1. Tell me the label only: which of (i) 96, 48, 44; (ii) 97, 53, 43; (iii) 71, 55, 43 is Cα extents along the principal axes in Å as calculated from this structure?
2. So what's the angle, to the nearest 10 degrees on a 0 to 90 scale, between helix 347-365 and the longest Cα principal axis of the chain?
3. For the stretch 329-443, rounded, prolate or oblate, judged on the Cα gyration tensor with a ≥ b ≥ c (square roots of eigenvalues), a/c < 1.5 rounded, else prolate if a/b > b/c?
4. Cut-off 12 Å, label point 7 angstrom out along Cα-to-Cβ of residue 441: give me the residues of the stretch 294-317 whose amide nitrogen falls inside.
5. Mind ranking 70-83, 408-421 by how tightly packed they are, going by the mean number of other C-beta atoms within 10 angstrom, highest first?
6. To the nearest 0.05, what FRET efficiency results for residue 345 and residue 262 with a Förster distance of 45 Å applied to their C-beta separation?
7. If you place +1 on the Cβ of every Lys and Arg, -1 on the Cβ of every Asp and Glu, and leave all else neutral, what size is the dipole of the stretch 229-334 about its Cα centre, to the nearest 20 Debye?
8. Magnitude of the Cβ-charge dipole of the chain, K/R +1 and D/E -1, about the Cα centre, nearest 20 debye?
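Each reported figure results from applying straightforward, stated rules to the coordinates on display, with no laboratory input. All values reported here derive from a predicted model rather than from experimental measurement. All Cβ positions, even for glycine, are placed from backbone atoms using ideal geometry, and neighbour counts span all protein chains on display.
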Amino acid sequence: MSQKTLSDDARAGVAGVERGQASSRRWWILGVVAIAQLMVVLDATIVNIALPSAQADLGFSDGNRQWIVTAYALAFASLLLLGGRIADLFGRKPAFLAGVVGFAAASALGGAANGFTMLVVARALQGVFGALLAPAALSLLNTTFTDARERARAFSVYGAIAGAGGAVGLLLGGVLTDALDWRWTLYVNVAIAVVAFAGGWLLLGSHRDAADAKLDVPGTILVASGLFSLVYGFSNAETHDWGSPLTWGFLIAGGLLLTAFAWWQTRAAHPLLPLRILLDRNRAASFIAVLITGAGMFGVFLFLTYYLQLNLGFSPTKTGVAFLPMVGALMVAAQLGTTLLVPRLGPKAVIPLGFAIATAGMGWLTGIGVGSHYAGAVLPQLIVIGAGLGLVMPPAMQLATGGVAAEDAGVASATVNAMQQVGGSIGTALLNTLAASAATDYLTGRDATSKLVQAQATIESYTTAFWWSAVLFGAGAVLAFLFYRRGVPAQDADAAPVVHM
């Protein structure tokens, strides 16, 4: 055997070992990203269950209570695209680590809050650092996994966490509030952040994919103010009404600012959101799917939480446990959808099917009544809804970020998060308004002092919200079928390369 052959064999052996190490490290990176994403998603719901306890402790009014939730949503939604671009410009590792540390510090501040103002400021800061962390985390998956099979498995895990994190937040919030104190719903993030930071510091590389680009300051101002106005307008629709200037004024302003942002992106030398990201048909369809899922899922989490606690008498912990079958179904369907069905059938078949299953589950859930039981009227429906959403969320997230150039990975990931957040805001405002109107209409002409009539009015409000969630999912099925391209998505040769670290 020649010397050349020996050296070639040696090099091949070393390369094989390096590939094995890189592959092994990629799965550890997935674990770190999943932990960080769970922390961000948890905080959309974990504090909700603790709100009554926090309100009693700090003594703020019912009118101010919504700001504990809204402050987080406003900061998170309005700064997501900026956070994504920062990850592209300055590196995903520093963006990720800064996001983790800032999120943990803001959580500790909120846990130590001595009044309403301090708690609201802490929640807003959580939103700011969450907007840096979430796109960095998702874009790390996009640049770490490009082998089609591995990428599908990674996104099935990530998408399941994104879809089920709200339910896990309800469970963890209930357990911590019941067993310890409402402040631990915030302190728990510090413990999660320590693990995420240590993993990120050890495993992530610090490559900058868009180091030669510059930050689009006018675009950043336009999109941040536009998203802020949109989310704030929908929040005001929930607490005021649709006829209030604080509602329609901000919604119109948000629409105009986002229109101006879209126009500016065609002119900017270094656009914040390059239009090439939006013009891919499958990617645009995925953004719409994530938006609709965010809006429709609200009906499951919020109104079913009310029903379980107020009508069936569940404790906060028991309420969280009641959602676990949905989480399990979602995770199984996520794995099935991303690794088996989409690679074989394509998104045009799978994602509309997922929406259709979720529509059927939501429609079935409208059968709840005053005397219903969890085992018959809630559990099977939750499993169906979870299975449907598992076929939608992870594949849509994978397709929304797949095939983008490495320098655009952060901002594409941020757009996915922004769609989910805006969808949630639309769902909050729309379904709350429709539910309240249904309860009021039911009480008209009836004895409003009767406990049975009052209970039936609340059931009427919940089932109305469930019907409208079913309508949203049904619209998602139609739009996904119309917009997704036929066939199996090809692996883009220009996609972000695998990062060997």
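1. Identified label for the calculated read-out: (i).
2. Orientation of helix 347-365: about 20 degrees from the principal axis.
3. It comes out oblate by the Cα gyration axes.
4. none
5. The most tightly packed comes first, giving 408-421, 70-83.
6. 0.85
7. 360
8. 840
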